[in-house]
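Here's the structure we're looking at; comments come further down.
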Amino acid sequence: MKYKQVFLLIISGLILSGCGQKISQEEQVKLPALQNTTEKEVMKEETKEETLVTITDFATLKIASGEVKIKLYKEEAPNTVKNFLSKSSSGYYEGLNFHRVEDWVVQGGDPKGNGTGGGNMPTELNKQVFKRGSVGVARGGDIKISNDSQFFICTTDCDFLTGQYTNFGEVVSGMELVDKIKIGDEILKITPTK
């Protein structure tokens, strides 16, 4: 019995002594990417849980200068619309910003704020023509995989994107506000609306 207690004490000591060790650079590389993740990014990742969402015809994007109403293409891009509404309903986009503003597009919704964040989802190509006010989903080099977080709004006709990116909506009011968006402007809220 006495030996058993001593043995347990020794094992406990060995385990506890390893808890304070520093991790080598090689071991750090093997750790998940969360080691350099900000608290805001972790909170955004935690909202990925599946939630019940009502699929609405519209969403309202609230920015400092006012509200932008977006008609959603729920027939043409049902999974993208569901994902966008789910993230919107959970507050995912609140506090994120527009990280890309060019003479033809504004893009936001990246949890990292620099164009590299967000997860993946299947692309839903459709025949909706990209034009001024079209709302699409960002993607990388693989046409089959789109970003599940970043979205963009065309500020000019962007027909060259048709059939290349998921087109899931269009701005029906507030386009003059979109035209004034600058890099770093904050997304205050996105609300599903009827």
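If you filter the range 90-109 down to residues that are open to solvent by 10 Å² or more (accessible area, probe 1.4 Å) and assigned to a strand (DSSP E or B), you find that the one that is farthest from D148 (Cα to Cα) is E102.
Scanning the range 72-84 for residues that are open to solvent by less than 50 Å² (accessible area, probe 1.4 Å) and not hydroxyl-bearing (S, T, Y) yields L72, A77, V81, N83, F84. Cβ-Cβ distances below 6 Å connect the following pairs, each with a first residue in the range 156-169 that is at pLDDT 95 or above, a second residue that is assigned to a helix (DSSP H, G or I), and a separation of six or more residues or different chains: T166/T80; F168/T80; F168/V81.
Table: residues versus (1) assigned to a strand (DSSP E or B); (2) of a type in the set (K, R); (3) open to solvent by 20 Å² or more (accessible area, probe 1.4 Å).
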{"position": "G136", "(1), (2), (3)": "yes, no, no"}
{"position": "F151", "(1), (2), (3)": "yes, no, no"}
{"position": "Y165", "(1), (2), (3)": "no, no, yes"}
{"position": "F168", "(1), (2), (3)": "yes, no, no"}
{"position": "V172", "(1), (2), (3)": "yes, no, yes"}
{"position": "I181", "(1), (2), (3)": "no, no, no"}
{"position": "G184", "(1), (2), (3)": "no, no, yes"}
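Quick grid of which residues meet (1) of a type outside the set (D, E); (2) within 17 Å of the chain's Cα centre (by Cα):
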position: E102; (1), (2): no, no
position: T116; (1), (2): yes, yes
position: A138; (1), (2): yes, yes
position: Q164; (1), (2): yes, no
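A single member of K131, K87, K69 is out of contact with any Lys or Arg (no Cβ under 8 Å at 6 or more places or on another chain), open to solvent by 60 Å² or more (accessible area, probe 1.4 Å), touching a residue at least 24 places away in the same chain (Cβ under 8 Å) and not in a strand (DSSP E or B), and it is K131.
Any residue that is closer than 20 Å to D57 by Cα and either open to solvent by less than 10 Å² (accessible area, probe 1.4 Å) or touching a Gly at 6+ places or on another chain (Cβ under 6 Å) (or both) - is there at least one of those in the range 153-160? Yes; the residues of the range 153-160 include at least one that is closer than 20 Å to D57 by Cα and either open to solvent by less than 10 Å² (accessible area, probe 1.4 Å) or touching a Gly at 6+ places or on another chain (Cβ under 6 Å) (or both).
The values are calculated or read from the model by the stated rules, or taken from the named source; none is laboratory data. Predicted model only: the values in this text are computed from it and were never measured. As a convention, Cβ positions derive from the backbone with ideal geometry for all residues, glycine included, and neighbour counts pool all protein chains shown. SASA here: full protein model, heavy atoms, side chains in, ligands and nucleic acids out. Shrake-Rupley method; radii C 1.70, N 1.55, O 1.52, S 1.80 Å.
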